[in-house]
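Take a look at the structure below.
The values are calculated or read from the model by the stated rules, or taken from the named source; none is laboratory data. If you're wondering where the values come from, they're calculated on a predicted model, not measured in any experiment. So basically every Cβ, Gly included, is an ideal-geometry build from the backbone, and we count neighbours across all protein chains shown. These area figures cover heavy atoms from the full protein model, side chains too; ligands, DNA and RNA do not enter into them. Shrake-Rupley method; radii C 1.70, N 1.55, O 1.52, S 1.80 Å.
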Amino acid sequence: MSKDGLIGAIEAGGTKFILALTTQEGEILARTRLPTNTPVETWPAMQDFFRQASAQHGPLAGFGVASFGPIDIDPESASYGTFTTTPKPGWSGARFHDALAGFGVPIKVETDVNGAAIGEWMAGAGQGCRTLAYTTIGTGVGTGVVRDGRALMGFSHYESGHILPPHNHAADPFPGTCPYHGNCIEGLASGPAIERRWGRSLDKLGDEPGAVALIAGYIAHLASTLVLLHMPDRLIFGGGVMKAPGLVEAVRKATAAKLNGYVHHPRLDDGLESYIVTPGLGDDAGITGAIELGRQAIAAG
């Protein structure tokens, strides 16, 4: 890795872009936040920030991008860094490499949850793990799985939010909100699904008996599936929904019930209190991961 030059870190979310210019050691020299409008508006504002910050602090050596999607994250693909079927107006077909080409430095693009997983693996609740799964339960549901600091994928990134959990329609007649699957995990347990079902966010449903347990059951189906498919050293659950009082405790209990003693390993402690945890970096997980992606881009040249 070249010791010269700075990192441009980009956490591209569905509502906001967080941009940072950092040293390769991770010191943030400049930082800003932009609304996620359309590429016609957001790209020039992003370019202006990095031009001005670079003029003040020094030349860029690489970019790391942790972005909402769906997005092509295969470095061997001709459309690497391009938004694909995203429902966000104006973004399908937009490409980070086109927007950042004028800087003439390498770029690494991952999903936002992969970036957050890498950030937590490096400096948060995933420290000491080889394989880590980070899931966000918020506006959408998604999981990033990393091993030794590198995100895992197949021909594309994982889409854990669209797994179909068992759905007892008598106990929960809500049909779900996903335009593709209806009652997938995202359609049943995301923030918008909860608000459409009850008219309030989960943290304001203390007077609704069984609400936390119901949502915890859907999330636990995802948690147990992640254990069985990836056997990660730890599961981290973040996002706005997970801030509801009692939810992480209910997810631990429901996950243990679903696994039913089948998987035995010291990592799976009694009660899963050290196995299923919330983020250690809070809202900084994504930008921390983007900085590491910038390092990886520089190292790869």
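Would you please put 206-212, 241-247, 74-80 in order of how densely packed they are, using the mean number of other Cβ atoms within 10 angstrom per residue and starting with the highest? All intermediate terms of the calculation are to be shown ahead of the outcome.
On the way: 206-212: 13.3, 241-247: 18.3, 74-80: 11.6.
Top of the packing list down: 241-247, 206-212, 74-80.
Working note: Karplus 6.51/-1.76/1.60 with θ = phi - 60° gives the range 27-39 the couplings 6, 7, 9, 8, 8, 8, 10, 10, x, 7, 8, 10, x Hz, where Gly and Pro are set to x. With all projection directions averaged, the alpha carbon convex hull of the range 29-159 covers 8.7 nm². Alpha-carbon geometry of the range 183-301: the Rg and the Dmax are 16.4, 55 Å, given in that order.
Spacing of the modelled spin labels on residue 16 and residue 37, each 7 Å from Cα toward Cβ, amounts to 1.7 nm.
Ligands, DNA and RNA left out, the accessible area of the range 186-265 computed with a 1.4 Å probe is 53% carbon and sulfur. The mean accessible area for residues of the chain, using a 1.4 Å probe and ignoring ligands and nucleic acids, is 45 Å² per residue. Three principal axis extents describe the C-alpha atoms of the chain; from largest down they are 59, 42, 34 Å. Proximity of backbone amide H atoms, modeled 1.01 Å from N, is registered between residue 111 and 67 at under 5 Å, excluding neighbours fewer than 5 places apart on the same chain. Backbone phi angles across the range 181-198, fed through the Karplus curve with coefficients 6.51, -1.76 and 1.60 (θ = phi - 60°), yield HN-Hα couplings of 10, x, 9, 6, 4, 4, x, 10, 10, 6, x, x, 5, 5, 5, 6, 6, 10 Hz in residue order; Gly and Pro are listed as x.
The simple spin-label model puts a point 7 Å past each Cα toward its Cβ; for residue 228 and residue 270 those points are separated by 2.6 nm.
A cut-off under 13 angstrom between Cβ atoms defines the neighbours of residue 216, and their net charge, with Lys, Arg +1 and Asp, Glu -1, is +1.
So for the range 87-138, what percent of the C-alpha to C-alpha distances run longer than 17 Å?
Working: 749 of 1326 pairs.
Percentage above 17 Å: 56.
Going by average Cβ neighbours within 10 Å, how do the peptides 248-254, 63-69 rank, with the highest at the top? Intermediate values should be presented prior to the final figure.
Values: 248-254: 20.0, 63-69: 27.0.
The peptides rank, most packed first, as 63-69, 248-254.
Only Cα pairs under 8 Å and 6+ residues apart enter the sum, and on that basis the relative contact order of the range 152-301 stands at 18 percent.
So what is the calculated 222 nm ellipticity per residue for the chain, using -39500 (n - 2.57) for each DSSP H run with n of 4 or more, over all residues, to the nearest 500 deg cm²/dmol?
Values: 8 runs with 98 residues, N = 301.
One gets -10000 deg cm²/dmol as the mean residue ellipticity at 222 nm.
Classify the range 1-103 from the C-alpha gyration tensor, please: rounded if a/c falls under 1.5, else prolate or oblate depending on whether a/b exceeds b/c. In terms of gyration-tensor shape, prolate. In percent, rounded to a whole number, the relative contact order of the range 125-199 is 26, using alpha-carbon pairs under 8 Å and six or more apart. Summary of packing: across the peptides 144-154, 107-117, the per-residue average of other C-beta atoms within 10 Å ranks them, highest first, as 107-117, 144-154.
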